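The values are calculated or read from the model by the stated rules, or taken from the named source; none is laboratory data. As the structure is a prediction and not an experimental result, all values here were calculated from the model. Here the Cβ positions follow ideal geometry from the backbone for every residue, glycine too, while neighbour counts run over all protein chains shown.
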Amino acid sequence: MRKTLRHRIADSILSDYISNGKLNAGEVLPTVRDLQREYGVSCSTVLSAISILETQGLVESRHGSGCYIAENKNEIMQGNTAKSGTRSLGLICNSRIDLFQSQLHRGMDTVCREQGYGVMVAATNYVYEEEQLQVQRLIDAGCEGIALYPVVRTKAQVKSDYLNSRFTDFPIVVVDLALPGQKRPQVLFDNYRLGRDMTRYLLNKGHKRIAFMDYRTQDSEFVHRSTMDRYKGYLDAMKAAGRPVEESDRWMLDKSMQQDATDSVARLLHSWLEQKDHPTALIALEDSRAALTITVARELGINVPDDLEVVGFDDHPAGRVIRPHFTTTCPDFTRAGEIAADVLMQLIRGEQDTQIVYMLSVPIKQRETLSVSREALEWREDAV
């Protein structure tokens, strides 16, 4: 199939300025006007070509100063991603530096290399509108299928989700935060069972009243699939154990997921202190929120885990340095990336059902949970 003009110009820029070493990492490309004159094409064609190179990770646009050669361009050039003619899949993440989304990339890359494919990565910066643009950019860049780690939707966005109306004939697999209404193949973690199992774990340790942390915003409500499923599992486990759940046992964070939640956590813990019969355990949103809760609880003189045991999810590095240690979970994002790539390959060959759902189990990881008083922790900090 003949390449489009913007792809041919992208290949020319790659050949003339990047792969031949004419420009080194960190150096600036000629201006759009200069490239327009050099290749005899329109300004929009040059911009589209640069967008393709940016999607491939070879260049970086800086507002007001130009377009620069990526610092890791040599590393990218050595791989399959930027080689002319290489078939590729796309991966859209919220952030290029997120640990779990890096594991997704590792899993996809393993499968793609076996099949002679490269992987192009794009980031949304947690913006729903940017997610749509990145899908189009990866398609324009020649990707044959896309694994999407989606931006968390608001209820309004769910109702008019572009995934149900745009790119309907293009292979897209949604990973982890997929919603039931999204008519795409999905690779999910079994968060319902995980919420149930974590609640049972705490019940078996003797906790009779357990709190559950959730999100809330003033202007709109996020539809966070993982948390929703965990909450259902929590409710079912509490019901099966004959333990009532009070309205106050659902600890709602008032801030959005991208903002600091310290004040909100402090407010919840102050309310907990004022309760005569309060929960003795808390299922936090994930490890970073669990770590934050333990830190703030310490500052308020709450003994963790004797007074309040906190558990998290995802075995995130943010939770590994906190003392006392707390129980968490181990989702295998690398395996999810492998499955997503396999499904995309099958979709490309017309061998896969577009409505298929893969559900991955997630084990609980019990770290050492020794009781450490506030005074002991302060002594350790002073000693260091």
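Things to note:
- If you go through the stretch 141-156 and keep only what is crowded, with 17+ Cβ neighbours inside 10 Å and either of a type in the set (A, V, I, L, M) or in contact (Cβ under 8 Å) with a residue 60 or more places away in the chain (or both), you end up with 141, 142, 144, 145, 146, 147, 148, 151, 152, 153.
- Strands (runs of 3 or more DSSP E) wholly inside the stretch 152-240 containing at least 1 residues that are under 23 Å from the mean Cα position of the chain (by Cα) and either under 17 Å from residue 284 (Cα atoms) or among the aromatic types (Phe, Trp, Tyr) (or both): 186-189, 210-215
- Where residue 227 falls short, out of the listed (1) at pLDDT below 90; (2) in contact with a Leu (Cβ under 8 Å, 6 or more places away or on another chain); (3) closer than 22 Å to residue 175 by Cβ: (1)
- Applying a threshold of 9 Å to beta carbon distances and a minimum spacing of six or more residues, or different chains, the list of pairs starting in the stretch 228-246 at a residue that is free of Cβ contacts under 8 Å to residues at least 40 places away in the same chain and loosely packed, with under 13 Cβ neighbours inside 10 Å and ending at one that is of a type in the set (A, V, I, L, M) and in a helix (DSSP H, G or I) reads 244/238.
- Condition check for residue 347 on (1) over 21 Å from the mean Cα position of the chain (by Cα); (2) at pLDDT 90 or above; (3) assigned by TED's automatic domain parsing to the domain that holds residue 206: one failure, at (3).
- Number of the exception - residue 219 against (1) over 26 Å from residue 329 (Cα atoms); (2) at pLDDT 95 or above: (2)
- Number of positions in the stretch 153-197 that are within 19 Å of residue 103 (Cα to Cα) and among the aliphatic types (A, V, I, L, M): 8
- Count of the stretch 19-46 residues which are crowded, with 18+ Cβ neighbours inside 10 Å and under 31 Å from the mean Cα position of the chain (by Cα): 0
- Test: residue in the stretch 103-117 that is polar (S, T, N, Q) and without any contact (Cβ under 8 Å) to a residue 12 or more places away in the chain: no
- Scanning the stretch 111-130 for residues that are surrounded by fewer than 21 Cβ atoms within 10 Å (Cβ to Cβ), under 19 Å from the mean Cα position of the chain (by Cα) and not charged (D, E, K, R) yields 123, 125, 126, 127, 128.
- Any hit, the stretch 189-204, residues being modelled with pLDDT under 95, among the small types (Gly, Ala, Ser) and more than 28 Å from residue 146 (Cα to Cα): no
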